[in-house]
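> Following this message is one structure expressed as structure tokens.
The values are calculated or read from the model by the stated rules, or taken from the named source; none is laboratory data. As the structure is a computational prediction, the values presented were derived from the model and not from experiment. Here the Cβ positions follow ideal geometry from the backbone for every residue, glycine too, while neighbour counts run over all protein chains shown.
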Amino acid sequence: MVASWMMDAAFEKLFGGNALIGVTAGASGMLEPIMLRSTAKRDTFAWKRGETTASPAELMALNGLTAENLVKRAMELVS
């Protein structure tokens, strides 16, 4: 199988900027190729654990996947 790689200009158009935050409700490993290719300051927010009795909002908060946390980290990265 031959891999099809995105050209640098197209990658920069999608993922370029001062900071890159990868967010996934799954394992962070799937974001690794993008995060490692980026030259911007970067961080990843990913699912760590879950509770079967929690609401979706509670699960996101438990895993740090909140708007407040994303904004705070983005501001830290660009300052």
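> Condition first: assigned to a loop (DSSP other than H, G, I, E, B), more than 20 Å from residue 5 (Cα to Cα) and among the polar types (S, T, N, Q). Now tell me which residues in the range 16-67 satisfy that.
18, 52, 53, 55, 63, 66
> When residues of the range 59-68 are filtered for being surrounded by 15 or more Cβ atoms within 10 Å (Cβ to Cβ) and not aliphatic (A, V, I, L, M), how many remain?
Of the residues in that region, 1 qualify.
> Can residue 58 be described as within 17 Å of the chain's Cα centre (by Cα) and at negative phi?
no
> Let me ask another. Quickly run through the range 25-58 and pick out the residues that are at pLDDT below 85, loosely packed, with under 10 Cβ neighbours inside 10 Å and not acidic (Asp, Glu).
Those that are at pLDDT below 85, loosely packed, with under 10 Cβ neighbours inside 10 Å and not acidic (Asp, Glu): 26, 49, 52, 53, 56.
> Look at the range 1-13 and say how many of its residues are within 18 Å of residue 78 (Cα to Cα) and loosely packed, with under 13 Cβ neighbours inside 10 Å.
0
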